[in-house]
Amino acid sequence: MMEQLTVQETRDMLIFVADNLIESKEMLCEIDGKIGDGDHGFGIARGFTAVKETLNDNTYSTVNNVFKDTGMSMLHSMGGASGIIFSSMFLGGSALTDLETLNIGSLTSIMRGGLEKVKVQGKAKLGDKTMVDAYEPAVIALEKNQDSSLKIALKSAFLAAEDGVRKTKEYPAKHGRSKFLYDRSIGIEDAGATTVSLIFKAMYNYLSK
Ligand code: ADP
Ligand code: MG
């Protein structure tokens with residue numbers, strides 16, 4: 001089943017994602033507080049507040065620019081290492097030709113490009129207890145669902161991301177502040193991975209409305 005979003009709908013979807021992540025601020029801080037410094041929700045909420053402002057204040061004629069502005073707003077408002085990492089999720093479409101619609105193929109290209117950017121920037125691999133543990137399985141799920149509708153593909157992506165979050169509980173941390181806890185981080189999920197699962201879940205929920 002073919003299914004696509006217009007530029008305007010793509011913008012609405014990312015505003016919906018932003019609202020969902022802003023609402024998750026306290027939960028994300030609580031998770032980060034168990035093995036990190038407890039600020040992840042603040043950074044993410046700050047980033048997505050800037051995204052909402054930018055997307056509401058501008059008009060768009062391509063899907064590419066909606067994603068680019070989303071990433072750039074996060075980069076500039078969040079700052080630091082996590083600003084670079086989480087903004088990269090939305091900056092993977094820079095090599096694509098101008099898109100007037102978002103379909104499963106173009107969303108997959110943007111997310112695969114974002115994942116590669118995240119890996120170059122952060123050097124984390126699967127199993128390092130980072131957002132990559134949710135993001136990589138989500139991208140692979142999109143890639144396996146090229147013949148599905150955007151909605152079905154996103155459902156499988158968010159379920160794969162949630163499964164990835166559960167797996168982060170089993171790993172000791174190797175990056176960020178949590179790595180200083182070594183094995184004491186075992187049993188606790190990664191905050192950034194949780195954020196990734198919420199982003200994909202919100203995209204799915206937008207399409208299910
Ligand atoms: P900080 O670690 O500076 O306090 P945040 O709390 O906002 O930043 O973000 C922490 C999250 O960032 C972690 O839960 C993890 O998912 C992600 N992260 C940390 N280092 C890396 C990395 N090298 N690659 C990918 N993601 C990372
Ligand atoms: Mg933190």
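The values are calculated or read from the model by the stated rules, or taken from the named source; none is laboratory data. This is a predicted model, so every value here is computed, not measured. Because the Cβ atoms are built from the backbone with ideal geometry, glycine has one as well, and the counts that use them run over all protein chains shown.
List of remarks:
- Looking across the stretch 183-209, the residues that are more than 18 Å from Leu159 (Cβ to Cβ), touching a helix residue (DSSP H, G or I) at 6+ places or on another chain (Cβ under 9 Å) and in a helix (DSSP H, G or I) come down to Arg184, Ser185, Ala191, Gly192.
- The residues of the stretch 94-113 that are within 14 Å of Leu5 (Cβ to Cβ) and of a type outside the set (Ser, Thr, Tyr), listed by number, are Leu99, Glu100, Leu102, Asn103, Ile104, Gly105, Leu107, Ile110.
- Contact map, the stretch 123-140: residues that are on the phi > 0 side of the Ramachandran plot paired with residues that are near ligand 1 (Cβ under 7 Å from one of its atoms), Cβ distance under 6 Å, separation 6+ or inter-chain. Pairs shown: Lys129/Asp190.
- Scan of the stretch 124-150 for residues that are of a type in the set (D, E, K, R), assigned to a helix (DSSP H, G or I) and under 15 Å from Gly105 (Cβ atoms), ordered by number: Glu143, Lys144
- Glu53 meets the conditions (1) more than 15 Å from Ser88 (Cα to Cα); (2) within 13 Å of ligand 1 (Cβ to nearest atom) in every case but one. The failed one is (2).
- Matching entry among Ala124, Ala202 (being at pLDDT 95 or above and within 16 Å of ligand 2 (Cβ to nearest atom)): Ala124
- All conditions but one from (1) in contact (Cβ under 8 Å) with a residue 24 or more places away in the chain; (2) within 16 Å of ligand 1 (Cβ to nearest atom) apply to Gly93; the one that does not is (2).
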